[in-house]
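Read-outs: derived from the displayed coordinates by stated rules, not from any lab. Since the model is a prediction, treat every value here as computed from it, not as a measurement.
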Amino acid sequence: MNEERIGEIARKIIKRIKEGIVEENRVLDVDTLWCKIIDDGLKGHCYVLGKRKGILFVKVEGSCYLTELKRRKNNLLKKLKEAGITEIKDIKFLI
């Protein structure tokens, strides 16, 4: 009976590890995609910090870039969705 329980626990642990790796890879996918959808003039001035609960967090270098990214936010969300990143519902820009 203990062997069955240990096997069950091991399967759950392996499943969680795999899910974590998939989630980490998904963040990397979003980061890679971000670099492709953002204009060349903004690329060196913002980067993806991560995502949480459907929100993509982007670090921005300064207020002028923040204003421009906020202006383009809906278009950026649309491009993410078109690329298959449907879990992102909002983007928060942080200075």
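Residues with amide H under 5 Å of ILE91's amide H, sequence separation 5 or more or different chain, H placed in the peptide plane at 1.01 Å from N; which?
Result for ILE91 returns LEU56.
Under 21 Å Cα-Cα from LYS53, which lysines qualify once same-chain neighbours fewer than 8 residues away are excluded?
LYS15, LYS18, LYS70, LYS73, LYS78, LYS79, LYS81, LYS89, LYS92
Using amide H atoms built 1.01 Å from N in the peptide plane, name the residues 5+ places from LEU49, or on other chains, whose amide H lies under 5 Å from its own.
HN-HN under 5 Å from LEU49: PHE57, VAL58, LYS59.
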